[in-house]
1. Quick one: L169 ticks every box in (1) hydrophobic (A, V, I, L, M, F, W, C); (2) over 18 Å from the mean Cα position of the chain (by Cα); (3) under 13 Å from G16 (Cβ atoms) except a single one, so which number is it?
2. Go through (1) among the acidic types (D, E); (2) under 20 Å from Q23 (Cα atoms); (3) within 15 Å of the chain's Cα centre (by Cα) and name the single condition E74 misses.
3. Taking the range 1-44, which residues are of a type in the set (G, A, S), touching a residue at least 40 places away in the same chain (Cβ under 8 Å) and either outside any helix (DSSP H, G or I) or farther than 18 Å from G98 by Cβ (or both)?
4. Hey, any hits in the range 125-140 for a residue that's open to solvent by less than 50 Å² (accessible area, probe 1.4 Å), over 15 Å from Q109 (Cβ atoms) and of a type in the set (G, A, S)?
5. What is the residue count in the range 49-94 for residues that are open to solvent by less than 30 Å² (accessible area, probe 1.4 Å) and not aromatic (F, W, Y)?
6. Taking the range 58-90 as the search range and keeping residues that are part of a helix (DSSP H, G or I) and in contact with a strand residue (DSSP E or B) (Cβ under 6 Å, 6 or more places away or on another chain), which one is nearest to D36 (Cα to Cα)?
7. Here are some conditions: (1) in contact with a Leu (Cβ under 8 Å, 6 or more places away or on another chain); (2) acidic (D, E); (3) farther than 25 Å from P128 by Cβ. E89 meets all but one. Which one does it not meet?
8. Return the total of residues in the range 91-144 being in a helix (DSSP H, G or I), modelled with pLDDT of 95 or more and of a type in the set (F, W, Y).
Amino acid sequence: MIRPQNIFLVGPMGAGKSTIGRQLAQSLGYEFQDSDQEIQRRTGVDIATIFEFEGEEGFRNRERQVIEALAQQENIVLATGGGAVLLPENRQQLAARGLVIYLHCSPEQQFARTARDRNRPLLDTEDPQQTLRDLMAEREPVYRQVADMVVSTERRGTSSVVKEIRRRLEEEDL
């Protein structure tokens, strides 16, 4: 297997990017990074606070800077935020510096996984399920466009998804 220099995980909130990314990195002997965690580490506040004071545009700018810095590293698995693919600069950075894997799951599965999480500012709406459906409709074409590989996480455990990714890396010589 020819291993990619970096693996970047994209997909909606609740798809399992952080959980799967951590286990995938461990199984490959790579370092795990999470762009949202890095933003929080650099700012000292949670994502919801950044959204409150800087809005989504301010958060996306911080996210762009973090992805640019992290993508320069080697042998990492990076879990990106659900909206990271919205900026063309992020898509270009990810595509140029590693293998992009889109972790797909339905809005219903996302809701089940994120319903109790209070650190999801985009879900602070009257109808979070409809928000998830709207976000998926907007973002899925972009996830698919940037992805080198699409893997479903729908009703699957972490180890099953990691095994599939490893198998496909070997089979497809990625």
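1. (3)
2. Among (1) among the acidic types (D, E); (2) under 20 Å from Q23 (Cα atoms); (3) within 15 Å of the chain's Cα centre (by Cα), E74 violates only (3).
3. Step one: list which residues in the range 1-44 are of a type in the set (G, A, S), which gives 11, 14-16, 18, 21, 25, 27, 29, 35, 44.
Retained after the next criterion (residues that are touching a residue at least 40 places away in the same chain (Cβ under 8 Å)): 11, 14-16, 18, 21, 25, 27, 29, 35.
Within the range 1-44, G11, G14, A15, G16, G29 qualify.
4. no
5. Keep residues of the range 49-94 that are open to solvent by less than 30 Å² (accessible area, probe 1.4 Å), which gives 50, 55, 58-60, 63, 66-67, 70-71, 76-85, 90, 94.
Next, from what is left, pick out any that are not aromatic (F, W, Y): 50, 55, 58, 60, 63, 66-67, 70-71, 76-85, 90, 94.
Count: 21.
6. Going through the range 58-90, the residues part of a helix (DSSP H, G or I) turn out to be 58-70, 84-86, 88-90.
Applying the additional criterion that residues be in contact with a strand residue (DSSP E or B) (Cβ under 6 Å, 6 or more places away or on another chain) yields 70, 85.
On the way: L70: 12, V85: 14 Å.
The residue in question is L70.
7. In the conditions (1) in contact with a Leu (Cβ under 8 Å, 6 or more places away or on another chain); (2) acidic (D, E); (3) farther than 25 Å from P128 by Cβ, E89 misses (1) alone.
8. Result for the range 91-144: 1.
The values are calculated or read from the model by the stated rules, or taken from the named source; none is laboratory data. Everything numeric in this text was worked out from a predicted model, so none of it was measured. Heads up, the Cβs are rebuilt from the backbone with ideal geometry, glycines too, and the neighbour counts pull from every protein chain shown. When the accessible area is computed, the model is the full protein with side chains, heavy atoms only, and any ligands, DNA or RNA have been set aside. Shrake-Rupley method; radii C 1.70, N 1.55, O 1.52, S 1.80 Å.
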